[in-house]
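The values are calculated or read from the model by the stated rules, or taken from the named source; none is laboratory data. The model shown is predicted, which means the values in this text are computed figures rather than measured ones. Virtual Cβ from ideal backbone geometry, glycine too; neighbours counted across all protein chains shown. Heavy atoms of the whole protein, side chains included, go into the accessibility calculation; ligands, DNA and RNA do not. Shrake-Rupley method; radii C 1.70, N 1.55, O 1.52, S 1.80 Å.
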Amino acid sequence: MLLIWAYAYEGQKYVPQTLESIDEEFIEHFLASFYALDPSHQKIVAETIAEVERFLA
């Protein structure tokens, strides 16, 4: 999970409980709903993922 990795990267020992409950299925459902609102959102998500990957590299 990206959120948990972000907390680990920052040196945090604990992740807020609300973030622990987010799983891959939830993220997939969120993205499907986000794309349904406007198909151009796929481009926004792709650009954001690419930027995060560059940052983590």
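Looking only at residues of the range 8-19 that are in contact with a helix residue (DSSP H, G or I) (Cβ under 9 Å, 6 or more places away or on another chain) and free of Cβ contacts under 8 Å to residues at least 12 places away in the same chain, we find that the one that is least open to solvent (accessible area, probe 1.4 Å) is P16.
Go through the range 39-57 and give me each residue that's out of contact with any helix residue (DSSP H, G or I) (no Cβ under 9 Å at 6 or more places or on another chain) and at pLDDT 85 or above. Even if it seems obvious, please write down each step before you answer.
In the first step, residues of the range 39-57 are kept if they are out of contact with any helix residue (DSSP H, G or I) (no Cβ under 9 Å at 6 or more places or on another chain); the result is 39-40, 43, 46-51, 53-55, 57.
If the condition is that a residue be out of contact with any helix residue (DSSP H, G or I) (no Cβ under 9 Å at 6 or more places or on another chain) and at pLDDT 85 or above, then P39, S40, K43, A46, E47, T48, I49, A50, E51, E53, R54 are the ones that fit.
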